[in-house]
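Visitor: Take this structure first; my questions come after.
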Amino acid sequence: MTREIDVKEITDAVKEMSIEANTVAGCDLRKALAVSLEKEESPLGKAVLRQLLENQKIAEEEKIPICQDTGFTVIYMEIGMDVRFTDGSLTDAVNRGVREGYSEGFLRKSIVRDPLTNPVNTGDNTPAIIHTDLVSGSSVKITLMPKGGGAENMSRIKMMKPSDGVRGVRDFILETVSLAGGNPCPPIIIGVGVGGTFDYVAYLAKRSLLRKIGERNRDPELAALEKSFLIEVNKLGIGPGGVGGRITALDLFLEVFPRHIATFPVAVNIQCNAARVKTRLL
Amino acid sequence: MGKPVKRVEAPLTESVIKLLRTGDEVLLSGTIYTARDMAHARLVKMIKAKDKLPFEAEGSVIYYVGPSPARAGRVIGSAGPTTSYRMDSFVSSMFDAGMKGMIGKGSRSEEVKKLIKENCGIYFGATGGAAALISGSIVESEIVAFSELGTEAVRRLKVINLPLLVVNDCYGGDLYTEGVEQYRRL
């Protein structure tokens, strides 16, 4: 059975999700920061965590953004193959939702049109980055992640050698987090992609950041690696705000894909302490 | 720890800066100015052309921030710090123009740390991600230059008890280096 969905429903969903994601922190993030406050030993680190928790409360109560950088709007859509969109283009509908959400929600517009030769602000935070997947069924799952620039800037990709193995991945993660220091607003969340191609490994790393904090990879071996990498990252001493402390990262997610026998791509996408993800099923 | 929080007035004087040490918690009140990437490029062009700056630069504190738009009835939107290293190449000219303090997040280049010492300046860290909380310390906001840059315009802010940490003091101290050394176990 074909199910018709008016693209206006997509626009409305994206608009509402943009505002909600940017003003209401997820339960997993709140809980993770509260637990971190108990674990953190550094007095200045604790002070930073207290500010972040208080900040989430203020943002929600006063309906203002958790962070002034309301990000590049990254959108993932899982579209059921029995769905037929009516009344216009899906891409236009998504961008209209971003435009309306960022205007009505008083969110910052951070996108410039021509990145190289004429960087003038588009004025409405469009275009969004849109990823679509076709799946079975007749529903549409939309996930929206506003991604801030500061943490994105600290992300890295490396085409390693197959012989570098697990140790190489570990070293690259630790090096990336060390180089980032306090820049990406720790405590951070670390998305790691391994395998695929040069472009796909970055997609894997970013996509891993859609997980809830504490949600482990389904593969027990990869789940164990996530845990051990996170423990090592938290020995770096960077701490909340980069002022020194135990809690440098709240979590680390690993996503993998088959690779070519000659290649070993690894990507580390850093997420800030204002990790914002909203999902809706239509 | 357990040190008292220091109350500081902006614009800054050298005698005040000399009382501040890396790791101090500070509540800053007074008048400060916002500038980030695009505004800095323009300001430094003006400084090099010996043009008059659109604000009183002597003793000034520059806050690296691009606020979100203000809702009706609010002074400003959320207004947390942006990453400071992107402004490192502009610091020398800004000191030449009279700037004394900077507010941002993240570490500075060795060159900037040296300039801070040489110019008896100071670099404060604000908590990245605490943008809604910080906006509560801002009681007035007015665009003084480059309004066409939107969020990147230069704003005069009146702040009361803006919560900051001293990252780089005028004696060469660096909170990020010292803090990480203290807690590193790898």
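Visitor: Name the residues in segment A:92-137 that are exposed (fewer than 13 other Cβ atoms within 10 Å of the Cβ) and within 26 Å of A:Glu62 (Cα to Cα), would you?
Guide: Result: A:Glu104, single match.
For (1) touching an Asp or Glu at 6+ places or on another chain (Cβ under 6 Å); (2) within 17 Å of B:Val180 (Cβ to Cβ); (3) assigned by TED's automatic domain parsing to the domain that holds A:Gly168; (4) not polar (S, T, N, Q), each residue gets a yes or a no:
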{"position": "A:Lys235", "(1), (2), (3), (4)": "no, yes, yes, yes"}
{"position": "A:Gly239", "(1), (2), (3), (4)": "no, yes, yes, yes"}
{"position": "A:Gly244", "(1), (2), (3), (4)": "no, yes, yes, yes"}
{"position": "A:Thr248", "(1), (2), (3), (4)": "no, yes, yes, no"}
{"position": "A:Asp251", "(1), (2), (3), (4)": "no, no, yes, yes"}
{"position": "A:Ala262", "(1), (2), (3), (4)": "no, no, yes, yes"}
{"position": "A:Pro265", "(1), (2), (3), (4)": "no, no, yes, yes"}
{"position": "A:Asn269", "(1), (2), (3), (4)": "no, no, yes, no"}
{"position": "A:Cys272", "(1), (2), (3), (4)": "no, no, yes, yes"}
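Visitor: Looking only at segment A:43-71, count how many residues are crowded, with 24+ Cβ neighbours inside 10 Å, farther than 20 Å from B:Tyr64 by Cβ and more than 9 Å from every other protein chain (Cβ to nearest Cβ).
Guide: 1
Quick grid of which residues meet (1) surrounded by fewer than 21 Cβ atoms within 10 Å (Cβ to Cβ); (2) away from chain B (no Cβ under 13 Å); (3) over 28 Å from A:Glu41 (Cβ atoms):
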{"position": "A:Gly214", "(1), (2), (3)": "yes, yes, no"}
{"position": "A:Val233", "(1), (2), (3)": "no, no, no"}
{"position": "A:Gly244", "(1), (2), (3)": "no, no, no"}
{"position": "A:Leu250", "(1), (2), (3)": "no, no, no"}
{"position": "A:Thr263", "(1), (2), (3)": "yes, yes, yes"}
{"position": "A:Asn273", "(1), (2), (3)": "no, no, no"}
{"position": "A:Leu281", "(1), (2), (3)": "yes, yes, yes"}
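Visitor: Keeping to segment A:126-156, report how many residues are more than 11 Å from every other protein chain (Cβ to nearest Cβ) and either assigned to a loop (DSSP other than H, G, I, E, B) or under 13 Å from A:Gly71 (Cβ atoms) (or both).
Guide: The qualifying residues number 13.
Visitor: Among the residues of segment B:146-154, is there at least one that is away from chain A (no Cβ under 14 Å), on the phi < 0 side of the Ramachandran plot and in contact (Cβ under 8 Å) with a residue 60 or more places away in the chain?
Guide: yes
Condition check ((1) acidic (Asp, Glu); (2) at pLDDT 95 or above; (3) in a helix (DSSP H, G or I)) across all residues:
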residue	(1), (2), (3)
A:Asp164	yes, yes, yes
A:Leu174	no, yes, yes
A:Leu179	no, yes, yes
A:Asn217	no, yes, no
A:Leu252	no, yes, no
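Visitor: If you go through segment B:71-108, how many residues are more than 7 Å from every other protein chain (Cβ to nearest Cβ) and among the small types (Gly, Ala, Ser)?
Guide: Qualifying residue count for the region: 10.
Visitor: Looking at segment A:218-231, which of its residues are more than 14 Å from chain B (Cβ to nearest Cβ) and surrounded by fewer than 18 Cβ atoms within 10 Å (Cβ to Cβ)?
Guide: Result: A:Arg218, A:Asp219, A:Pro220, A:Glu221, A:Leu222, A:Ala223, A:Ala224, A:Lys227.
Visitor: With the requirement that a residue be free of Cβ contacts under 8 Å to residues at least 24 places away in the same chain and surrounded by fewer than 16 Cβ atoms within 10 Å (Cβ to Cβ), what does segment B:8-45 give you?
Guide: Residues satisfying the conditions are B:Glu9, B:Ser15, B:Leu19, B:Lys45.
Visitor: Would you mention how many residues in segment A:175-204 are farther than 26 Å from B:Pro81 by Cα and either surrounded by 23 or more Cβ atoms within 10 Å (Cβ to Cβ) or touching a residue at least 24 places away in the same chain (Cβ under 8 Å) (or both)?
Guide: Counting residues in segment A:175-204 that are farther than 26 Å from B:Pro81 by Cα and either surrounded by 23 or more Cβ atoms within 10 Å (Cβ to Cβ) or touching a residue at least 24 places away in the same chain (Cβ under 8 Å) (or both) gives 12.
Visitor: Considering only residues that are closer than 19 Å to B:Lys105 by Cβ, within 11 Å of chain B (Cβ to nearest Cβ) and either under 22 Å from the mean Cα position of the chain (by Cα) or surrounded by fewer than 21 Cβ atoms within 10 Å (Cβ to Cβ) (or both), which ones fall in segment A:30-42?
Guide: Listed by number, the list holds a single entry, A:Leu33.
Visitor: Also, I was wondering about something else. Just checking, does segment B:85-98 include any residue being closer than 23 Å to A:Ile19 by Cβ and touching a residue at least 40 places away in the same chain (Cβ under 8 Å)?
Guide: The answer is no; no qualifying residue exists.
Visitor: Taking the options A:Glu16, A:Glu4, name whichever one is away from every other protein chain (no Cβ under 11 Å), part of a helix (DSSP H, G or I) and charged (D, E, K, R).
Guide: Selected residue: A:Glu16, the only one of A:Glu16, A:Glu4 that is away from every other protein chain (no Cβ under 11 Å), part of a helix (DSSP H, G or I) and charged (D, E, K, R).
Visitor: Among the strands (runs of 3 or more DSSP E) lying completely within segment B:1-80, list those that include at least 3 residues that are farther than 16 Å from B:Ile143 by Cα.
Guide: B:6-10, B:25-34
Visitor: Got a sec? Which of B:Ala132, B:Ala126 is at pLDDT 95 or above and either away from every other protein chain (no Cβ under 12 Å) or under 12 Å from the mean Cα position of the chain (by Cα) (or both)?
Guide: Working: B:Ala132 fails: either away from every other protein chain (no Cβ under 12 Å) or under 12 Å from the mean Cα position of the chain (by Cα) (or both).
Only one candidate passes the filter, namely B:Ala126.
Visitor: Tell me, which residue of segment B:155-181 that is buried (at least 19 other Cβ atoms within 10 Å of the Cβ) and either of a type in the set (Val, Ile, Thr) or over 18 Å from the mean Cα position of the chain (by Cα) (or both) is nearest to the other protein chains (Cβ to nearest Cβ)?
Guide: B:Gly179
The values are calculated or read from the model by the stated rules, or taken from the named source; none is laboratory data. Keep in mind that what you see is a predicted model, and the values were worked out from it rather than measured. Note that we place each Cβ from the backbone using ideal geometry, even for glycine, and neighbour counts take in every protein chain shown.
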